[in-house]
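Okay, so here's the structure we're looking at.
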Amino acid sequence: MTGNLQFDSQGRLRHFLTIDGLSRETIHQIFDIAESFISVGEREIKKVPLLRGKTVVNLFFESSTRTRTTFEIAAKRLSADVINLAVSASSTSKGETLLDTVRNLEAMHTDLFVVRHNQSGTAYLIAEHVPPHVRIINAGDGAHAHPTQAMLDTFTIRRHKGSFEHLKVAIVGDLMHSRVARSLIRALNTLGTSEVRVIAPLTLLPTGHESLGIKAYTDMREGLEGVDVIVMLRLQRERMRGAHIPSEQEYFNLYGLTLDKLACAKPDAIVMHPGPMNRGLEIDSAVADGLQSVILPQVTNGIAVRMAIMSLIMGGSSESGRPA
Amino acid sequence: MSDAPDVAQALARMAEQLRPLLDRRPLMIGIHTGGAWVANRLHGLLGLTDPLGTLDISFYRDDFTRIGMNPQVRASHLPVSVEDRHVILVDDVLHTGRTIRAALNEIFDYGRPASVTLAVLVDREGRELPISAQVVGLPMKLASGQHVKLAGPDSLALTLQEAGG
């Protein structure tokens, strides 16, 4: 899939589809803008007028409460009008029908679509077919990518650790089905993270990770040794076909993050989770609610990062293609 | 490092004009980046005790849909509530008035000040909005293609730039 689709002829970000092709400078620029939006979120009036009069449609073919809500809050804090549309994926299994849905929404003068779909590449397909003034954000496509989640995760790491050059980051859990992990590894590599590790049972470990320059561990304690950041992944029960794990109890014993296993990491290591958490399965409540957890700040940071991405791609939109 | 002589004189003039406002316990807010440098000097000259606020108006610009997001955006920082306070809003150069329009809108998203006084280091022609400064350090006559820029923050100095030059 081409990452170039998300840039215009002058190299400006038009859509936000994937981490692939984003430079380190662009990522840090988004973080810098997000940092300013954090302070907006702490004010009495949490809105800024940047997207006043713009219409944002959250087009979700796959259910998600948290991601949709944070996109909705982000758009509303930018003063956009927001419409949430949950479409059952089965009724639009053919490409034509999907594009028909989009064309109908376009006819209602939508400026930005936030798209989530259980099939990889849906956001690309839509981006290829919309007129130049319409923007697309990928809010998760199948097992392929979840770029805004990767942005909020790395933004959270930057806020807590400063820079990436000396960091060891471990990603733990269901890497096989995780679009979060795929995008996150890209982002961490682009940002120059010194070491990225993945920890999972062999059945949940995709092949080809060596080419991304990452180290794989099946022993969790060994993998957590000396790391600065631990990213726990949700066990994607709904994406699993057949038995990838022997039993939930055994999974928790081997790969659940407990205080005991956390002690293998650096004393100031932070613990992240994209949510929603399976407590007692991939993470113990004592860790999730503990002092090293930054799981709730991740949610707050997610709003600021999504505001930054929306405002960055929507800026200058009247110049690039919209009829005057 | 000391400021350029013309800047130092202009700052002194501004401080004199602002002194009568001191019994109202004014709150000073500078606009990023040059306005914040000027405000920082005035804050010291006037011996204000409330901490200085800084404002980045990028999220309130009226040309966002035309030119996009300013990549150098910084967080606004108003450590003290503006509610019912007499605000002195400080900028380096007053030209079209659009920056001040944006700054006023942003201030009102933090609260309702009792009053806002505009203080600028340089007042030049070219207003596009009905906005004027109550306190001026240095009035300047410039051609429409000319721009005046404040360098800082260690030593403040004004430089004149010709458009396209």
Residue hits (the range A:37-54; within 22 Å of the chain's Cα centre (by Cα) and surrounded by fewer than 23 Cβ atoms within 10 Å (Cβ to Cβ)) are A:I38, A:S39, A:V40, A:G41
Among helices (runs of 4 or more DSSP H) completely within the range A:79-188, the ones holding 3 or more residues that are open to solvent by 10 Å² or more (accessible area, probe 1.4 Å) and at pLDDT below 90 are A:95-107
For the range B:141-150, indicate whether the set of residues that are open to solvent by 30 Å² or more (accessible area, probe 1.4 Å) and out of contact with any strand residue (DSSP E or B) (no Cβ under 8 Å at 6 or more places or on another chain) is non-empty. yes
Restrict the check to the range A:68-78 and report whether at least one residue is touching a residue at least 60 places away in the same chain (Cβ under 8 Å), farther than 24 Å from B:G68 by Cβ and assigned by TED's automatic domain parsing to the domain that holds A:A107. yes
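Would you point out the residue of the range B:77-91, among those that are under 15 Å from the mean Cα position of the chain (by Cα) and either over 20 Å from B:R41 (Cβ atoms) or more than 14 Å from chain A (Cβ to nearest Cβ) (or both), that is surrounded by the most Cβ atoms within 10 Å (Cβ to Cβ)?
First, the residues of the range B:77-91 that are under 15 Å from the mean Cα position of the chain (by Cα): B:77-78, B:87-91.
Filter once more, so that each one left must be either over 20 Å from B:R41 (Cβ atoms) or more than 14 Å from chain A (Cβ to nearest Cβ) (or both): B:87-91.
Working: B:V87: 22, B:I88: 27, B:L89: 26, B:V90: 33, B:D91: 27.
Within the range B:77-91, the match that is surrounded by the most Cβ atoms within 10 Å (Cβ to Cβ) is B:V90.
Residues B:V90, B:V116: which one is outside any loop (DSSP other than H, G, I, E, B), modelled with pLDDT of 90 or more, under 13 Å from B:G35 (Cβ atoms) and not hydroxyl-bearing (S, T, Y)?
The unique qualifying residue is B:V90.
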* For A:S63, state whether it is open to solvent by 60 Å² or more (accessible area, probe 1.4 Å) and closer than 21 Å to A:Y124 by Cα. => yes
Check: Regarding B:A133, is this residue touching a Phe, Trp or Tyr at 6+ places or on another chain (Cβ under 6 Å), among the hydrophobic types (A, V, I, L, M, F, W, C) and open to solvent by less than 50 Å² (accessible area, probe 1.4 Å)?
Finding: no
Of those in the range B:151-164 that are open to solvent by 50 Å² or more (accessible area, probe 1.4 Å) and in a strand (DSSP E or B), the residue modelled with the highest pLDDT is B:T159
Can you confirm whether B:L48 is aliphatic (A, V, I, L, M), within 30 Å of A:S311 (Cα to Cα) and at pLDDT 95 or above? no
B:P113 passes all but one of the listed conditions (1) more than 20 Å from A:L78 (Cβ to Cβ); (2) facing another protein chain (nearest Cβ under 10 Å); (3) open to solvent by less than 30 Å² (accessible area, probe 1.4 Å); the exception is number (2)
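Confirm whether B:A4 is modelled with pLDDT under 95, more than 11 Å from chain A (Cβ to nearest Cβ) and surrounded by fewer than 18 Cβ atoms within 10 Å (Cβ to Cβ).
Details: modelled with pLDDT under 95: yes; more than 11 Å from chain A (Cβ to nearest Cβ): yes; surrounded by fewer than 18 Cβ atoms within 10 Å (Cβ to Cβ): yes.
When the stated conditions are applied, B:A4 passes them.
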Note: among A:I283, A:I313, just one is over 15 Å from the mean Cα position of the chain (by Cα) and within 14 Å of chain B (Cβ to nearest Cβ), namely A:I313
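Considering only the range A:189-218, state which residues are in a helix (DSSP H, G or I), of a type in the set (V, I, T) and surrounded by fewer than 16 Cβ atoms within 10 Å (Cβ to Cβ). Give the steps one after another, and end with the answer.
So in the range A:189-218, the residues in a helix (DSSP H, G or I) come out as A:189-190, A:202-204, A:209-212.
Those left that are additionally of a type in the set (V, I, T): A:190, A:203.
Correct list: A:T203 only.
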Just one listed residue, out of B:N70, B:N40, is in a loop (DSSP other than H, G, I, E, B) and of a type outside the set (D, E, K, R), and it is B:N70
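Here's a check for you: in the range A:12-58, which residue that is among the acidic types (D, E) and over 23 Å from A:S163 (Cβ atoms) is farthest from the other protein chains (Cβ to nearest Cβ)? Write out each step before concluding.
Of the range A:12-58, the ones among the acidic types (D, E) are A:20, A:25, A:32, A:35, A:42, A:44.
Within this subset, residues satisfying the condition of being over 23 Å from A:S163 (Cβ atoms) are A:42, A:44.
Working: A:E42: 10, A:E44: 7 Å.
Among those that are among the acidic types (D, E) and over 23 Å from A:S163 (Cβ atoms), it is A:E42.
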Exactly one of A:L259, A:L233 is within 19 Å of A:P201 (Cα to Cα) and among the hydrophobic types (A, V, I, L, M, F, W, C), and that residue is A:L233
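Can you confirm whether A:R221 is in a strand (DSSP E or B) and open to solvent by 10 Å² or more (accessible area, probe 1.4 Å)? Show your work before the answer.
On the way: in a strand (DSSP E or B): no; open to solvent by 10 Å² or more (accessible area, probe 1.4 Å): yes.
Against the criterion (in a strand (DSSP E or B) and open to solvent by 10 Å² or more (accessible area, probe 1.4 Å)), A:R221 does not qualify.
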Restricting the range A:8-27 to residues that are buried (at least 17 other Cβ atoms within 10 Å of the Cβ) and outside any loop (DSSP other than H, G, I, E, B), the one nearest to the chain's Cα centre (by Cα) turns out to be A:F16
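For the range B:51-61, indicate whether the set of residues that are more than 14 Å from chain A (Cβ to nearest Cβ) and either more than 30 Å from B:A143 (Cβ to Cβ) or at pLDDT below 95 (or both) is non-empty.
Residues of the range B:51-61 more than 14 Å from chain A (Cβ to nearest Cβ): B:51-52.
Among the residues that remain, those that are also either more than 30 Å from B:A143 (Cβ to Cβ) or at pLDDT below 95 (or both) are: B:51-52.
For the range B:51-61, residues more than 14 Å from chain A (Cβ to nearest Cβ) and either more than 30 Å from B:A143 (Cβ to Cβ) or at pLDDT below 95 (or both): present.
With respect to A:T70, determine if the residue is touching a Pro at 6+ places or on another chain (Cβ under 8 Å), more than 14 Å from chain B (Cβ to nearest Cβ), open to solvent by less than 40 Å² (accessible area, probe 1.4 Å) and among the hydroxyl-bearing types (S, T, Y).
Values: touching a Pro at 6+ places or on another chain (Cβ under 8 Å): no; more than 14 Å from chain B (Cβ to nearest Cβ): yes; open to solvent by less than 40 Å² (accessible area, probe 1.4 Å): yes; among the hydroxyl-bearing types (S, T, Y): yes.
Judged against the criteria, A:T70 is not a match.
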Q.
Condition first: within 14 Å of another protein chain (Cβ to nearest Cβ), open to solvent by 30 Å² or more (accessible area, probe 1.4 Å), in contact (Cβ under 8 Å) with a residue 12 or more places away in the chain and of a type in the set (S, T, N, Q). Can you find one or more residues in the range B:92-106 that meet it?
A. yes
Exactly one of A:D284, A:D260 is outside the structural domain of A:G140 (by TED's automatic domain parsing) and surrounded by fewer than 19 Cβ atoms within 10 Å (Cβ to Cβ), and that residue is A:D260
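The values are calculated or read from the model by the stated rules, or taken from the named source; none is laboratory data. Quick caveat, the model's predicted, so the values are computed rather than measured. Ideal geometry is used to build each Cβ from the backbone, glycine not excepted, and the neighbour counts take in all protein chains shown. Note: accessible area is taken over every heavy atom of the protein model, side chains too, but ligands, DNA and RNA are not part of it. Shrake-Rupley method; radii C 1.70, N 1.55, O 1.52, S 1.80 Å.
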